[in-house]
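Student: Got a structure for you, questions after.
The values are calculated or read from the model by the stated rules, or taken from the named source; none is laboratory data. Everything numeric in this text was worked out from a predicted model, so none of it was measured. Neighbour counts are summed over all protein chains in view; Cβ atoms, including those assigned to glycine, are modelled from backbone coordinates with ideal geometry.
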Amino acid sequence: MKLITTPSALHELCHTLSSADFITVDTEFMREQTYWPKLCLIQVASDDVEAIIDPLAPDLDLTPLWSLMTDSKIMKVFHAARQDIEIVHIAAGRVPSPVFDTQVAAMVCGFGESISYINLTKKITGADLDKSSRFTDWSRRPLSEKQLNYALGDVTHLRDIYRHLKNELETTGRASWLDEEMGTLTASETYEQNPETAWRRLKLKVRNRKALGVLMELAAWRETAAQNQDVPRQRIMRDDALYDIANQSPTSVEQLSGLRSLSDGFARSARAKEIVAAVRRGLDRDPSTVPPLSQGQPLSAEATATLELLKVLLKSAAARHRVAPRLIADASDLERLARENEPDVAALTGWRRQLFGEDALRLKNGELALTLKAGDVRIVTTNDIRVET
């Protein structure tokens with residue numbers, strides 16, 4: 001194992017790795033107390049090289065590594081890549097490409113939903129990983145040999161996992177399915193921290209579109225404050241407080257002081273005036289900039305029944321094709337399918353439409369029905385169903 005702490009060692013490592021067909025990559029970071037992740041370690045491996053890069057080492061410029069990450073000739077292999085890619089994007093303003101995410105590939109290959117690295121390693125290689133150093137404070141120095149060996153294990157077994165899954169995808173003709181997923185994963189807009197879209201992460205309900213407009217402004221205010229102060233969003237204001245304010249829409253500090261979700265004395269703080277200003281901006285928003293209230297709103301009785309049938313159809317399709325259900329359609333996709341005629345959702349595009357989407361639309365239109373035979377869900381056309389009178 002190489003521990004890279006100097007510019008010359010990093011340059012030599014990246015030069016060696018530049019001739020590899022693929023490299024496996026993982027990162028260790030801390031963000032419990034901050035908004036922006038603090039990069040603490042980078043682990044990389046190829047067939048012949050295993051190394052740990054210490055980004056906290058004095059005067060270590062990571063530019064050679066970022067160039068390697070965007071080398072189109074080298075496949076970058078991650079497990080559950082999103083957070084690792086986000087860290088590279090924040091640190092370097094670049095998105096690694098091309099990328100192979102073994103967690104997503106495992107879902108395509110029938111290993112279940114969001115399988116952990118430790119479980120995937122066990123299933124494919126038979127190795128048992130020691131995870132006792134999992135909750136290490138990676139920002140502290142020096143790191144022990146045990147901690148470094150633990151960190152390195154997150155990329156060494158990944159080589160065999162990558163080869164196995166890559167072969168499985170090619171054998172089953174599903175490599176293009178993964179390519180679609182990696183397209184989204186490597187799009188720079190996936191990692192943009194835009195305060196204007198922060199409201200989309202919120203899950204609770206608001207009363208009406210006016211309240212939603214206020215919530216959009218409040219979420220943008222909180223996101224900007226968290227970024228500027230480099231603290232977690234919840235430290236600026238909890239989600240439940242945002243919803244309470246949005247639904248009540250107080251337009252004065254005095255009205256704000258009456259909300260249960262805020263602490264005593266909050267109305268006298270500097271943030272109270274900022275919140276009232278955000279509320280007023282939300283109330284004054286152009287209605288065309290506020291989306292309709294559909295997500296999170298109660299379904300009609302008909303749509304609820306449709307949703308339950310779609311869930312059964314999804315589970316059947318996933319089992320039949322050995323694909324994790326959530327990879328085909330998530331809960332939001334199913335709800336929109338139940339509400340809308342042909343919504344703009346991933347489940348109605350590409351390979352997902354072939355596996356599930358077309359049948360979902362036909363089921364909604366009364367062209368298909370679901371039956372049970374020997375405990376298995378079967379799909380039949382309504383023309384094949386005889387109705388006895």
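Student: Say we look at segment 309-350 and pick out the residues that are closer than 20 Å to E181 by Cβ and of a type in the set (S, T, Y); which of these is modelled with the highest pLDDT?
Tutor: Applying the filter and picking the extreme gives T349.
Student: Shifting gears a bit: How do the pairs read when you match residues in segment 335-362 that are on the phi > 0 side of the Ramachandran plot with residues anywhere that are in a helix (DSSP H, G or I), using Cβ under 6 Å and keeping only pairs 6 or more apart or on different chains?
Tutor: G350/E180
Student: Taking segment 11-35, which residues are surrounded by 16 or more Cβ atoms within 10 Å (Cβ to Cβ) and either within 30 Å of the chain's Cα centre (by Cα) or in a strand (DSSP E or B) (or both)? First the steps, then the outcome.
Tutor: Just the residues of segment 11-35 that are surrounded by 16 or more Cβ atoms within 10 Å (Cβ to Cβ), to begin with: 13-14, 17, 20, 22-29, 35.
Across segment 11-35, the qualifying residues are C14, L17, A20, F22, I23, T24, V25, D26, T27, E28, F29, Y35.
Student: From the list V155, V214, pick out the single residue that is farther than 28 Å from K273 by Cβ and surrounded by 21 or more Cβ atoms within 10 Å (Cβ to Cβ). Lay out the reasoning, then the answer.
Tutor: Working: V214 fails: farther than 28 Å from K273 by Cβ.
Step by step, each of V155, V214 is checked, and only V155 is farther than 28 Å from K273 by Cβ and surrounded by 21 or more Cβ atoms within 10 Å (Cβ to Cβ).
Student: Check whether at least one residue in segment 16-25 is under 24 Å from Q193 (Cα atoms) and aliphatic (A, V, I, L, M), and report yes or no.
Tutor: Within segment 16-25, the first condition is being under 24 Å from Q193 (Cα atoms), and the residues that meet it are 25.
Imposing the further condition that a residue be aliphatic (A, V, I, L, M) reduces the set to 25.
Yes - at least one qualifying residue is present in segment 16-25.
Student: Among the residues in segment 186-196, are any over 22 Å from the mean Cα position of the chain (by Cα) and either closer than 27 Å to D47 by Cβ or surrounded by fewer than 18 Cβ atoms within 10 Å (Cβ to Cβ) (or both)?
Tutor: Within segment 186-196, the subset over 22 Å from the mean Cα position of the chain (by Cα) is none.
No: segment 186-196 contains no residue that is over 22 Å from the mean Cα position of the chain (by Cα) and either closer than 27 Å to D47 by Cβ or surrounded by fewer than 18 Cβ atoms within 10 Å (Cβ to Cβ) (or both).
Student: Return the total of residues in segment 246-275 being of a type outside the set (G, A, S), surrounded by 15 or more Cβ atoms within 10 Å (Cβ to Cβ) and in a loop (DSSP other than H, G, I, E, B).
Tutor: Looking only at that region, the number is 3.
Student: Can you say whether V231 is in a helix (DSSP H, G or I), among the hydrophobic types (A, V, I, L, M, F, W, C) and in contact with a Ser or Thr (Cβ under 9 Å, 6 or more places away or on another chain), as far as the supplied structure shows?
Tutor: Numbers: in a helix (DSSP H, G or I): no; among the hydrophobic types (A, V, I, L, M, F, W, C): yes; in contact with a Ser or Thr (Cβ under 9 Å, 6 or more places away or on another chain): yes.
No.
Here is a yes/no grid of residues against (1) among the charged types (D, E, K, R); (2) within 23 Å of R140 (Cβ to Cβ):
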residue: E28; (1), (2): yes, yes
residue: W36; (1), (2): no, yes
residue: A51; (1), (2): no, yes
residue: R82; (1), (2): yes, no
residue: I85; (1), (2): no, no
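Student: Separate question: Quick check on my filter: what residues within segment 127-166 are over 25 Å from the mean Cα position of the chain (by Cα) and of a type outside the set (G, A, S)?
Tutor: Going residue by residue through segment 127-166, those that are over 25 Å from the mean Cα position of the chain (by Cα) are 127-128, 130, 132, 140-149.
Hits for segment 127-166 are D128, D130, R140, R141, P142, L143, E145, K146, Q147, L148, N149.
Student: Let me ask something additional. Has segment 249-258 got at least one residue that is within 25 Å of L293 (Cα to Cα) and either under 26 Å from the mean Cα position of the chain (by Cα) or in the same structural domain as S332 (by TED's automatic domain parsing) (or both)?
Tutor: no
Student: State the number of residues belonging to segment 199-247 that are of a type in the set (F, W, Y) and free of Cβ contacts under 8 Å to residues at least 24 places away in the same chain.
Tutor: Keep residues of segment 199-247 that are of a type in the set (F, W, Y), which gives 199, 221, 243.
Those left that are additionally free of Cβ contacts under 8 Å to residues at least 24 places away in the same chain: 199.
Counting residues in segment 199-247 that are of a type in the set (F, W, Y) and free of Cβ contacts under 8 Å to residues at least 24 places away in the same chain gives 1.
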